[in-house]
Amino acid sequence: MIKNDPYLEKCRQLIEQALNWGSHELWTNEDFENLSENIFDKTSVRLSVSTLKRIWGKVRYESSPNTATLNALAAYLGYENWRSFQQKNPLTEEVVKEAVAFDKRGLIEQRMDAPRKKRISVPMVSVAVLSIICVALISIFGGRKSDIRTGPPNVVFETREVSDDLPNSVVFNYDASGYHSDSVYLQQSWDQTRREKLDTGGRQHTSIYYYPGYFRAKLIVDGQIKKQSGVFIKTKGWKGIIERNPMPIYLDTAAIKGKGFMGISKATLREEVGSPVFTNTWVSFSNVRQFDNIDAAAFSFETTLRNTSTVTESLCRKVSIDIMGTKSPIIIPLSAKGCISELNLMNGTRLIMGKQTDLSAFGCDIGNFQHLKCTVENKRLKIWLNDKLILEVAQTETIGDVVGVSIAFEGTGEIKDVKLYSPGKAAAMDEAF
């Protein structure tokens with residue numbers, strides 16, 4: 001049970017009003033998962049389900065939320081930070097009373113839960129204590145009807161991939177008719193631009209996925225996430241892709257295999273895109289599948305690579321290394337030294353932006369081979385470049401099951417080797433090209 005304060009109570013009230021999901025007392029684990037996704041979509045900060053449950057009093061916890069969590073909640077409501085939220089939401093007597101009541105409910109739940117955990121039998125609890133609990137419950141809940149959860153109880157949203165290769169169509173079985181809304185959308189992934197309007201009375205919809213990865217497809221009604229389902233688009237070994245809209249260009253095996261490296265030549269890229277300038281043209285090399293030998297809480301990843309474009313071909317010569325998880329990714333950027341302001345790093349739980357953080361250690365002589373290593377251990381993410389530790393941050397939540405690796409170049413590039421392993425287990429990937 002998090003120690004409450006009136007501002008946090010006000011914040012909860014505003015979030016519940018915006019969601020319109022009914023009383024938080026009736027929220028399920030899936031509701032908190034959806035709230036986590038909603039917050040991430042809007043703020044690029046991922047608050048874990050356990051954190052949100054603590055904030056809403058579902059889990060016992062004595063400490064107050066940290067500043068980063070409070071800032072994320074405030075940003076979700078459209079405020080710059082928690083201080084701005086406090087300044088623009090003066091407290092009322094009603095909010096203060098609700099905050100006190102929230103704390104009382106938590107204390108009562110703890111007292112009632114303690115005997116069960118300690119296996120104390122009913123006769124050992126005095127009549128006086130039971131009377132106090134009953135009076136307290138009546139004072140808090142008496143006379144108030146139970147809130148009825150908004151929306152139908154049985155919303156259907158299921159997915160099925162029809163192939164094990166690219167491109168891949170996905171069949172969505174859904175039923176959102178109980179919402180009686182004409183605003184029902186399918187969102188293919190985290191990307192809000194990948195939304196398709198659904199027939200409100202329909203039961204099936206199909207979409208094509210052109211890129212590999214693990215995606216959280218979302219059923220969105222009236223602008224709110226109601227259901228989610230995992231979509232796993234795999235590759236058969238390494239797949240080279242020139243990324244472009246509306247459809248990518250797939251590279252055959254011969255085009256990406258060099259002497260001692262995997263990559264793409266300048267001649268091939270020029271021919272495929274019809275231009276000698278590669279700025280904002282990305283080429284990715286992905287291997288997406290289930291890595292059963294990888295423990296997401298303890299693993300290492302290593303690779304040796306370089307961007308082979310010249311500054312006239314690609315101004316910043318960026319590189320992006322993506323370790324995919326079923327919950328979230330780790331994304332590590334590299335670039336020419338002068339472009340670090342444009343880099344963004346994802347540590348699995350939050351986005352670290354080069355505009356707001358000094359990521360100069362990720363700028364390097366990218367035209368020469370760079371050896372990058374990252375490890376996850378004891379809830380810490382560490383990143384080394386050429387055997388020098390350049391970042392160490394907390395990782396409070398794992399990325400889920402590790403399901404893929406993708407390395408992308410702005411322009412042309414070469415990869416010498418890739419290694420992915422967990423201590424004490426056979427390497428899931430150990431390739432020299």
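The values are calculated or read from the model by the stated rules, or taken from the named source; none is laboratory data. Being a predicted model, the structure only gives us computed values, none of them experimental. Every residue, glycine as well, gets a Cβ built from its backbone with ideal geometry; the counts of neighbours run over all protein chains shown.
Scanning the range 185-213 for residues that are assigned to a strand (DSSP E or B) and within 18 Å of E30 (Cβ to Cβ) turns up L186, Q187. The set of residues in the range 334-384 that are free of Cβ contacts under 8 Å to residues at least 40 places away in the same chain and closer than 24 Å to R289 by Cβ contains only M346. When the test is whether a residue is among the polar types (S, T, N, Q), more than 30 Å from D165 (Cβ to Cβ) and more than 17 Å from the chain's Cα centre (by Cα), N287 does not pass it. Scanning the range 20-34 for residues being touching a Ser or Thr at 6+ places or on another chain (Cβ under 9 Å) and part of a helix (DSSP H, G or I) gives a total of 3. Condition first: assigned to a loop (DSSP other than H, G, I, E, B), in the same structural domain as L305 (by TED's automatic domain parsing) and free of Cβ contacts under 8 Å to residues at least 24 places away in the same chain. Can you find one or more residues in the range 385-394 that meet it? Among the residues of the range 385-394, at least one is assigned to a loop (DSSP other than H, G, I, E, B), in the same structural domain as L305 (by TED's automatic domain parsing) and free of Cβ contacts under 8 Å to residues at least 24 places away in the same chain, which makes the answer yes. For the range 252-267: of the residues being touching a residue at least 60 places away in the same chain (Cβ under 8 Å) and over 33 Å from the mean Cα position of the chain (by Cα), which is farthest from D417 (Cα to Cα)? Filtering the range 252-267 for residues that are touching a residue at least 60 places away in the same chain (Cβ under 8 Å) and over 33 Å from the mean Cα position of the chain (by Cα), the one farthest from D417 (Cα to Cα) comes out as K266.
Number of residues in the range 378-433 that are touching a helix residue (DSSP H, G or I) at 6+ places or on another chain (Cβ under 6 Å) and either farther than 25 Å from N280 by Cβ or surrounded by fewer than 16 Cβ atoms within 10 Å (Cβ to Cβ) (or both): the value is 1. Does the range 404-416 contain at least one residue that is assigned to a loop (DSSP other than H, G, I, E, B), in contact (Cβ under 8 Å) with a residue 12 or more places away in the chain, closer than 13 Å to S300 by Cβ and hydroxyl-bearing (S, T, Y)? No, the range 404-416 contains no residue that is assigned to a loop (DSSP other than H, G, I, E, B), in contact (Cβ under 8 Å) with a residue 12 or more places away in the chain, closer than 13 Å to S300 by Cβ and hydroxyl-bearing (S, T, Y). When we screen F285, F261, F291 for residues that are touching a strand residue (DSSP E or B) at 6+ places or on another chain (Cβ under 6 Å), at negative phi and surrounded by fewer than 20 Cβ atoms within 10 Å (Cβ to Cβ), the only hit is F261. Residues that are hydroxyl-bearing (S, T, Y), part of a loop (DSSP other than H, G, I, E, B) and either assigned by TED's automatic domain parsing to the domain that holds G348 or in contact with a helix residue (DSSP H, G or I) (Cβ under 6 Å, 6 or more places away or on another chain) (or both) within the range 40-78 comprise just one, Y61. Between E9, E37, which is out of contact with any helix residue (DSSP H, G or I) (no Cβ under 6 Å at 6 or more places or on another chain), modelled with pLDDT under 90 and not in a loop (DSSP other than H, G, I, E, B)? Only one candidate qualifies: E37.
Yes/no matrix, rows are residues, columns are (1) under 26 Å from V221 (Cα atoms); (2) in contact (Cβ under 8 Å) with a residue 60 or more places away in the chain; (3) of a type in the set (S, T, Y):
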{"residue": "T28", "(1), (2), (3)": "yes, no, yes"}
{"residue": "E37", "(1), (2), (3)": "yes, yes, no"}
{"residue": "K58", "(1), (2), (3)": "yes, no, no"}
{"residue": "T69", "(1), (2), (3)": "no, no, yes"}
{"residue": "A74", "(1), (2), (3)": "yes, yes, no"}
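Kindly indicate whether any position in the range 159-168 is free of Cβ contacts under 8 Å to residues at least 60 places away in the same chain, in contact with a Leu (Cβ under 6 Å, 6 or more places away or on another chain) and not in a strand (DSSP E or B). No, that holds for no residue.
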